[in-house]
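To start, the structure under review is shown below, and the notes come after it.
The values are calculated or read from the model by the stated rules, or taken from the named source; none is laboratory data. As the structure is a computational prediction, the values presented were derived from the model and not from experiment. For neighbour counting, all protein chains shown are included, and Cβ atoms are generated from backbone atoms with ideal geometry for every residue, glycine included. Remember, those area values only see protein heavy atoms, side chains included, never the ligands or the DNA or RNA. Shrake-Rupley method; radii C 1.70, N 1.55, O 1.52, S 1.80 Å.
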Amino acid sequence: MIDTHAHLNFNAYKEDAEEVIRRSLNMGVWMINIGTQYDTSKKALEIAQKYPKGVYASVGLHPLHLNAGLVKMKLDKEEIAFNSREESFDYEKYKELAKAEKVVAIGEAGLDYYWRPKTKRKLELFKEKQKEELSKQLRLAKELNLPVVFHCRMAHRDLIEFLSNSPGIKPGRAVAHGFVGGLEELQRYLNFGFYIGYNGIIFKNIEGINFKENIENTPLDKILIETDCPYLTPSPMEGRNEPIYVKYVAEKIAEIKKISYEEISRVTTENAQKLFKLYQ
Ligand SMILES: [Zn+2]
């Protein structure tokens, strides 16, 4: 299996990343560690380069890292070693990283309107800023012919509209990671040809979200599984999440899709290999 969205590059694994990765590879679980800013992107690549196969990296700038002083938000100390906040995407710096063989995608990049400024003017600026930084990352993905890992929270309508209006930079290959949205939004992403990533959040009750229905309506050949570790630990596990727990997500999807665990493991692995070109 392949955990298509992990963060072993985060501080949460500062003491034991190698142990967690070993455990995972021994169980046959590969992983892609996802960058959220320059430091964590670089770290994801450094980790990937230690392993001949099974560990890959994605580099990008998460929308939460570009608040541009417009909104107050909580920093996650599990994520970064120091409170470095990038305000914009440095194209050339990221390009240098992204050219490495172990980098298999650009992201996570996207829109996140969870923490939002209160005044209308600031809110507009905030949204504009996020779209501007996303555009740069989509251009880089195009230039290097890499797929995009989208992060989108409380902003699906805007992201879909943005992508529809920007055919020049809309990626041909992408995943809507950790999808939390409605059926109509799901359908729009599928129409774009995107994969849909599911993680431990499907075990939660979120008002207005029907994960079962979403999964039923996602074709098997478009499903990716992920952990988003250290976050979103799937039931019945507790505490810090890690790549091997992706099996609980796979089990849940198998149950919803009424197919075997072996089948879902096989298909989602093939999907990830195809999207990220992970053949070695
Ligand atoms: Zn993530």
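HN-Hα J couplings of the range 220-227 from phi, Karplus 6.51/-1.76/1.60, θ = phi - 60°, integer Hz, Gly and Pro as x?
3, 7, 10, 8, 10, 10, 7, 10
With each pseudo-label sitting 7 Å past Cα toward Cβ, what's the residue 144-residue 191 distance in nm, one decimal?
3.1 nm
7 Å from Cα along Cα→Cβ at both residue 261 and residue 132: what's the point-to-point distance in nm?
Result for the modelled spin labels: 5.0 nm.
What is the percent carbon and sulfur in the accessible area of the range 195-277, measuring with a 1.4 Å probe over the protein chains and ignoring ligands?
On the way: 1780 of 3780 Å².
Summing carbon and sulfur atoms, their accessible area is 47 percent of the total for the range 195-277.
Take the alpha carbon atoms of the range 122-179, find their center, do the same for the range 213-243, and report the distance between the two centers in whole angstrom.
Result: 22 Å between the Cα centres.
Would you calculate the separation in nanometres between label points at residue 87 and residue 273, each defined as 7 Å from the Cα along the Cα-to-beta-carbon direction?
If labels sit at residue 87 and residue 273, their model points lie 4.6 nm apart.
Please give the per residue accessible area of the chain, computed with a probe of 1.4 Å over protein heavy atoms only, in Å². Let's see the in-between values first.
Values: 12800 Å² over 280 residues.
For the chain, the per-residue accessible area is 46 Å².
Once phi is turned into ³J(HN,Hα) by the Karplus curve 6.51 cos²θ - 1.76 cosθ + 1.60 with θ = phi - 60°, what whole-Hz value does each residue of the range 180-194 show in order, with x for glycine and proline?
3J(HN,Hα) across the range 180-194, in whole Hz: 10, x, x, 4, 5, 5, 4, 4, 5, 5, 4, 5, 5, x, 7.
If you wrap the range 113-158's Cα atoms in a convex hull and average its projection over all directions, what's the area in nm²?
Averaged projected area of the range 113-158's Cα convex hull equals 3.4 nm².
List the lysines whose Cα sits under 19 Å from the Cα of residue 120, skipping any in the same chain fewer than 8 residues away.
Of all the lysines, those that pass the test against residue 120 - Cα under 19 Å, at least 8 places apart if same chain - are 72, 129, 131.
Using R₀ = 45 Å, calculate the FRET efficiency as 1/(1 + (r/R₀)^6) where r is the Cβ-Cβ separation of residue 18 and residue 154; round to 0.05.
Details: r = 36 Å, r/R0 = 0.79.
The calculated FRET efficiency here is 0.80.
Find which of 51, 154, 27 sits farthest along the positive direction of the dipole of the chain, computed with +1 on the beta-carbon of Lys and Arg, -1 on that of Asp and Glu, about the Cα centre.
154
Give the dimensionless ratio obtained when the Cα radius of gyration of the chain is divided by 2.2 N^0.38 Å.
Normalised Cα radius of gyration, the chain: 0.93.
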